[in-house]
Amino acid sequence: MLSAVEELKIRSKILLKQRHTADSPLANFVKEKSPQLKHALLYLARESGFNDWQHAQSVLSCQQNQTMQQDSGKFWYSPACMALLNHWCASYQEAMALQAKQGGVILPYKSQYVVANASYIEALGLDPKDPLWQALEFNWCEGSPALRQEIAYKRLLAMQTQRYKAC
């Protein structure tokens with residue numbers, strides 16, 4: 001199975017090959033006449049909720065410790081979640097305490113955390129009953145990097161599906 005990082009690399013190469021078409025998003029994103037792979041990577045990283053390619057690579061490869069209050073981007077958020085009531089926490093400790101009381105899935109958002117219910121997970125395009133959540137003890141911020149990457153890959157695929165539905 002591909003990782004989310006590998007998927008973004010593949011998509012960027014595809015996007016780069018389509019750069020000369022009239023509806024290419026790279027045409028509007030890059031003012032240069034000849035976009036490069038770095039431009040496609042930057043574009044897709046930003047589309048996925050990250051500041052830049054290095055930020056996306058760091059978060060999606062689970063290199064950074066998600067329990068520290070570092071910027072994790074907006075990857076675990078969707079506009080479809082806006083109307084949902086979920087608990088937002090300023091610290092990881094607060095999110096852990098809240099999850100222990102009422103359950104839910106801990107997800108990072110920038111330097112904060114959301115304790116998400118099933119509706120939120122569904123709004124992300126994911127299955128709240130996916131066994132991977134249980135394997136991670138309903139906490140994307142900790143646990144096996146391989147399992148976290150697998151869920152991130154599923155989220156990336158869901159993001160693409162949601163974009164096509166919006167068109």
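Suppose we filter region 1-58 for residues that are of a type outside the set (Lys, Arg), free of Cβ contacts under 8 Å to residues at least 60 places away in the same chain and not in a helix (DSSP H, G or I); how many remain?
15
Within region 98-140, how many residues turn out to be at positive phi and touching a Pro at 6+ places or on another chain (Cβ under 6 Å)? Break it down stepwise before answering.
Going residue by residue through region 98-140, those that are at positive phi are 103-104, 110, 125, 137-138.
So of that shortlist, the ones also touching a Pro at 6+ places or on another chain (Cβ under 6 Å) come out as none.
Residues in region 98-140 being at positive phi and touching a Pro at 6+ places or on another chain (Cβ under 6 Å): 0 in total.
Among the numbered criteria (1) in the same structural domain as Glu150 (by TED's automatic domain parsing); (2) touching a Phe, Trp or Tyr at 6+ places or on another chain (Cβ under 6 Å), which single criterion is violated by Phe29?
Status for Phe29: all satisfied but (1).
Given the conditions (1) of a type in the set (A, V, I, L, M, F, W, C); (2) surrounded by 18 or more Cβ atoms within 10 Å (Cβ to Cβ); (3) outside the structural domain of Leu2 (by TED's automatic domain parsing); (4) under 16 Å from the mean Cα position of the chain (by Cα), report the number of the one that Leu147 does not fulfil.
Status for Leu147: all satisfied but (2).
A quick yes/no check of all residues on (1) hydrophobic (A, V, I, L, M, F, W, C); (2) over 26 Å from Leu2 (Cα atoms):
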residue: Ala27; (1), (2): yes, yes
residue: Leu37; (1), (2): yes, no
residue: Leu42; (1), (2): yes, no
residue: Gly73; (1), (2): no, no
residue: Met96; (1), (2): yes, yes
residue: Glu122; (1), (2): no, no
residue: Trp133; (1), (2): yes, no
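For Leu156, which of the numbered conditions (1) out of contact with any Phe, Trp or Tyr (no Cβ under 8 Å at 6 or more places or on another chain); (2) part of a loop (DSSP other than H, G, I, E, B); (3) within 15 Å of Cys62 (Cβ to Cβ) fails to hold?
(2)
The values are calculated or read from the model by the stated rules, or taken from the named source; none is laboratory data. In this text the structure is predicted, and so the values were computed from the model without any measurement. Using ideal geometry, Cβ is built from the backbone for each residue, glycine included, and neighbour counts are taken over all protein chains shown.
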